[in-house]
Amino acid sequence: MPGRSEAAALPSSAALRAYLLGGDTPVGLTDMLRAFERPIRDKARLKTLLHAMALDGSLLDLPAGRLKTSIGLPETARARITHIRTDGTPCGVLADNPAATPVTIQTLAPDLPYPLPGDVFLVRLRPANGHYRREARAECLLARTNIPLAFARALGADGAPLERLWTCNPHITGTFALAEPELFPLPAPGDVVLGSLQPMPDGTLAVTKPVPYGHAKQAGMACRLSLLTYGVPTRFSSTAEQEGEYAAALVAKLHNQPAPANRRDLRSLPLITLDDETAQDFDDAIWAETTEDGFHLLIAIADVGHYVTHGSALDMEARQRGTSVYLPDQSVPMLPPSLSANACSLLPGLDRLCLFADMHITHGGTVRHGTIGQGIMRSAARLTYRDAQDALDGKAMPPEHPIHTLPPALLGTLKAAGDALDLAATQRGALRLDEDALVITFHPDGQPAAFQPRERLATHDLVASFMIAANTLAAEIAHKNQLPVLFRVHPAPTVKRPRPAARYSTLAERHNGLGLPLYTHFTSPIRRYADLVAHRALTMWCQGTTTVAYAPPAMQDNALVSHLNFTEKRAAQCVQDSQNRLAAAFLAPCVGQNVNIHATTTTRQGLCVRLTKTGTPSLLPWSAVPDYARMNDDSLYGKSAARHTPPSQSGALLKAVLLATCPARGVSVLASPHYAC
């Protein structure tokens with residue numbers, strides 16, 4: 001009986017987890033048995049308990065290195081599914097890995113649901129084999145997207161509709177049959193249905209219980225499908241809405257009142273906002289004056305953290321969204337409109353609380369000194385980039401234009417200061433990327449009318465240089481004072497990752513693209529949660545608080561970093577997919593005609609191209625390209641291959657035949673003019 005008593009006294013998994021979370025010193029089996037006053041003979045039983053905890057996710061959030069590797073536990077991690085390959089293999093990234101290491105799910109534990117993009121699974125990783133991509137087995141589902149899938153009639157390689165469906169999510173490849181064709185007929189080409197994927201007895205997946213959703217060319221459908229595909233939240237909770245309205249009421253009481261204690265009154269300075277014509281969320285305002293050895297800059301940023309407090313309903317909603325999403329015909333704000341377009345927006349003539357970066361720079365753009373403080377400001381004017389550019393170019397503005405209320409030298413001083421900052425950026429080797437953003441205009445009926453590249457003006461660069469300077473100052477202050485901000489890092493290219501993307505990190509590392517040793521996001525707290533995190537930390541620093549009470553543990557920081565990197569990528573994909581769907585609808589009248597394309601890169605599947613007419617990406621499959629080596633014998637066209645195919649370099653202008661478009665999925669089916677019939 002004593003043996004059974006001792007066995008029952010082994011610590012529970014909850015007690016063991018609490019012990020492991022309580023420190024960061026590496027521990028082994030002996031250390032844990034000693035801590036719980038258990039005999040050494042319980043080693044095997046303790047290891048069995050730890051093994052089970054590893055496979056149920058209980059050990060995921062331990063401090064790095066907390067468990068000694070000599071214990072021999074399976075390597076587990078969170079994996080976020082990003083896409084499904086043609087062969088049905090789910091692929092994703094390690095969600096808590098700063099480098100977002102790719103992973104393929106080779107097997108699933110019994111009774112697990114089929115993984116879909118956006119799902120998060122606990123996976124058991126196979127031993128690393130030297131390759132960048134890891135292989136894994138899914139052990140349990142941690143988070144489900146809980147959104148229906150949208151489906152439409154699939155198109156064949158020749159552009160003809162098939163008797164099968166594909167999802168409107170371009171990251172799920174393959175086509176699917178209906179699970180119950182006798183009860184649910186196939187939708188007509190162009191119609192969209194909502195349903196789910198159900199495993200069939202033969203191991204394949206089929207679409208079950210499709211419900212009509214609308215037509216792919218319906219006004220607004222392109223963006224609705226993109227938001228649905230990626231599970232972007234579009235509604236705020238009633239509690240968050242109420243908190244936003246309460247904050248707006250507080251802001252209204254600020255006007256013409258004395259500056260709050262510990263805030264610098266900036267209302268006498270002619271700060272201006274520069275944004276696009278359609279913008280409503282004005283995060284930042286700028287001002288500058290000349291000095292004997294350079295310029296004095298002031299960048300005021302909306303003090304969103306004053307109203308969106310940590311742990312509030314507003315905060316939880318903003319964190320879940322991570323960022324605002326700006327689609328071609330609508331936007332999905334991170335904060336309710338009562339804040340994003342009103343109380344926190346730096347609207348002209350209205351008093352607003354702010355954080356500000358006060359900086360002195362030389363004529364060469366070197367920062368001599370700078371600080372960040374709390375203030376209250378009043379925007380003197382809301383200018384568009386085009387307005388400011390026209391004024392700088394000497395064009396006459398209407399007499400009623402607000403630019404006439406500003407000091408005559410202000411815009412010129414801002415431009416000179418921006419040029420100085422750009423000079424410093426050039427000298428430190430900052431990369432300058434070509435502008436590839438699209439502006440889509442619409443007919444009155446909501447259909448796309450034109451696709452134009454966004455015009456890049458000198459005033460865009462002016463504002464960008466001011467924001468980079470303020471973000472750099474925030475990063476330097478945060479690093480020096482060990483404040484809990486999220487740094488923005490951009491690794492240098494490597495052989496394995498020739499085009500690494502910038503990302504958030506808890507580590508203060510170099511931003512290669514900007515040529516800066518430290519960088520963070522601070523200037524857009526209305527539309528980016530990472531900036532809001534920085535504001536809270538810097539506000540505590542401004543108030544002289546050395547210990548930030550709300551600072552989360554390192555493991556939660558990593559979870560937040562992973563989430564914000566995910567939401568940033570999700571927003572970018574949502575925008576691109578909306579553009580692709582609109583392009584497919586816009587190009588529908590061109591089916592059967594030759595279209596111009598620009599080659600971008602090559603893959604095993606085909607030539608990646610950009611459609612000249614819309615600026616959106618597409619794919620020219622190798623099976624649709626003449627092949628001198630006669631290796632593509634599975635061509636649908638059956639014609640003789642051309643004798644020679646010149647190599648297609650990046651940027652080369654080519655022609656292709658547009659066989660079909662699918663606005664539901666955002667697909668344009670292309671073929672070589674030599675093979676099209």
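Every number in this text was worked out from the coordinates using simple rules, so none of it is lab data. Bear in mind the structure is a predicted one, so any value in this text is a computation, not a measurement. Don't worry about glycine lacking a Cβ; one is built from the backbone with ideal geometry, like all the others, and counts go over all protein chains shown.
If you place +1 on the Cβ of every Lys and Arg and -1 on the Cβ of every Asp and Glu, how big does the dipole about the Cα centre of the chain come out, in debye to the nearest 20? Please report the intermediate quantities before stating the final value.
Details: 63 positive and 60 negative charges, 378 e Å.
Charge dipole of the chain: 1820 debye, to the nearest 20.
When the Kirkwood hydrodynamic radius is evaluated over all pairs of different C-alpha atoms of the stretch 234-378, what value in angstrom, to one decimal, is obtained? List each step's numbers first, then the result.
On the way: mean 1/r = 0.0608 Å⁻¹.
Computed over Cα pairs of the stretch 234-378, the Kirkwood hydrodynamic radius comes out at 16.4 Å.
Work out how much length Asp445 to Tyr246 would gain on full extension: take 0.36 nm times their residue separation and subtract the Cα-Cα distance, in nm to one decimal.
Details: separation 199, 0.36 × 199 = 71.64 nm, distance 3.72 nm.
Computed gain between Asp445 and Tyr246 is 67.9 nm.
Based on the alpha-carbon gyration tensor of the stretch 191-240, what equivalent-ellipsoid semi-axes (square roots of 5 times the eigenvalues) come out, in whole Å, largest first? Please list the in-between numbers first.
On the way: eigenvalues 145, 59, 16 Å².
Semi-axis lengths for the stretch 191-240 are 27, 17, 9 Å.
Let me check against my output: what whole-number percent is the relative contact order of the chain, with C-alpha pairs under 8 Å and at least 6 apart? It would help to have the intermediate numbers written out before the result.
Details: 1351 pairs, mean separation 72.7, N = 677.
Reported as a whole number, the value is 11 percent.
Across 10 Å bins from 0, what is the distribution of all Cα-Cα pair distances for the stretch 76-143, in whole percents?
Each 10 Å bin holds this share of Cα pairs: 24, 61, 15, 0.
Return the calculated 222 nm mean residue ellipticity for the chain, to the nearest 500 deg cm²/dmol, obtained by summing -39500 (n - 2.57) across DSSP H runs with n ≥ 4 and dividing by the residue count.
Computed ellipticity for the chain at 222 nm equals -8000 deg cm²/dmol.
By the scheme Lys and Arg +1, Asp and Glu -1, what is the net charge of all other residues having a beta-carbon under 10 Å from that of Ala95?
+1
Which percent, nearest 5, of DSSP beta bridges in the chain are antiparallel?
On the way: 97 of 114 bridges.
Bridges in the chain that DSSP calls antiparallel: roughly 85 percent.
Kirkwood hydrodynamic radius, computed over distinct alpha-carbon pairs, for the stretch 1-97: how many Å, to one decimal?
On the way: mean 1/r = 0.0658 Å⁻¹.
When all Cα pairs of the stretch 1-97 are included, the Kirkwood radius is 15.2 Å.
Please list, in order along the stretch 469-475, the HN-Hα scalar couplings obtained from phi with the Karplus expression 6.51 cos²θ - 1.76 cosθ + 1.60 (θ = phi - 60°), rounded to whole Hz, x for Gly and Pro.
5, 5, 5, 5, 4, 4, 5
Stick to the Cα atoms of the chain, pair each with every other, and give me the Kirkwood hydrodynamic radius in Å at one decimal.
Details: mean 1/r = 0.0353 Å⁻¹.
Evaluated on the chain, it is 28.3 Å.
In the stretch 149-215, if every C-alpha pair distance is counted and binned at 10 Å from zero, what percent goes to each bin?
23, 59, 18, 0
What dipole magnitude, in Debye to the nearest 20, does the stretch 149-215 give about its Cα centre under +1 on Lys/Arg Cβ and -1 on Asp/Glu Cβ? Numbers along the way, then the final one.
Values: 3 positive and 6 negative charges, 35 e Å.
My answer is approximately 160 debye.
Can you tell me which of 25-38, 456-469 comes out highest on packing, and rank the rest after it, using the mean Cβ neighbours within 10 Å? Walk me through the intermediate numbers first.
Values: 25-38: 14.9, 456-469: 19.8.
The packing order, highest mean first, is 456-469, 25-38.
Based on the mean of other Cβ atoms within 10 Å per residue, sort peptides 440-450, 48-58, 283-293 so the most packed one is first. All intermediate terms of the calculation are to be shown ahead of the outcome.
On the way: 440-450: 13.3, 48-58: 16.6, 283-293: 18.8.
Result, highest mean first: 283-293, 48-58, 440-450.
Using Cα centres only, tell me the gap between the stretch 23-52 and the stretch 570-584 in whole Å.
51
Mean projection of the alpha-carbon convex hull of the stretch 278-361 over all orientations, in nm²? Present the calculation step by step, with values, prior to reporting the outcome.
Working: hull surface 28.2 nm².
It is 7.0 nm².
Please report, in debye to the nearest 20, how large the charge dipole of the stretch 71-138 is about its Cα centre when each Lys and Arg carries +1 at its beta carbon and each Asp and Glu carries -1 there.
Details: 8 positive and 6 negative charges, 27 e Å.
It works out to roughly 140 debye.
Wrap a convex hull around the Cα atoms of the stretch 243-299, take a quarter of its surface area, and give that in square nanometres.
6.2
I need the peptides 114-120, 136-142 ranked by packing, meaning the mean over residues of other C-beta atoms within 10 angstrom, with the highest value on top.
Values: 114-120: 20.6, 136-142: 18.7.
Going from most to least packed, we get 114-120, 136-142.
For the chain, with the dipole built from +1 on Lys and Arg beta-carbon atoms and -1 on Asp and Glu ones, taken about the Cα centre, which of Asn471, Gly57, Ala318 lies farthest toward the positive end?
The residue sitting farthest along the positive end of the dipole is Gly57.
Could you list which residues have their amide H under 5 Å from that of His511, counting only those 5 or more apart in sequence or on another chain, with H placed in the peptide plane?
Amide H neighbours of His511, under 5 Å, 5+ apart: His490, Leu516, Leu518.
How much net charge surrounds Asp303 when only other residues with a Cβ under 10 Å from its Cβ are counted (Lys, Arg +1; Asp, Glu -1)? List each step's numbers first, then the result.
Values: positive: Arg263, Arg352; negative: none.
So the environment of Asp303 carries a net charge of +2.
Of Leu108, Ser70, Val93, which is farthest on the positive side of the dipole of the stretch 61-124, counting Cα position, with +1 on Lys and Arg Cβ, -1 on Asp and Glu Cβ, and the Cα centre as origin?
Positive-end residue among those listed: Ser70.
Where in the stretch 566-609 are there trypsin sites (Lys or Arg not before Pro) that are in a DSSP coil and have at most 16 other Cβ atoms within 10 angstrom of their Cβ? Each step should come with its number before you reach the end.
Numbers: sites: Lys569, Arg570, Arg581, Arg604; in loops: Arg604.
The qualifying sites are Arg604.
In the chain, if the dipole is taken from +1 on Lys/Arg beta carbons and -1 on Asp/Glu beta carbons about the Cα centre, which of Phe121, Leu619, Ala300 is farthest to the positive end?
Checked the options; the winner is Phe121.
If you take every DSSP beta bridge whose two residues both sit in the stretch 27-176, what share of them, in percent to the nearest 5, is antiparallel? Walk me through the intermediate numbers first.
Working: 24 of 31 bridges.
Close to 75 percent.
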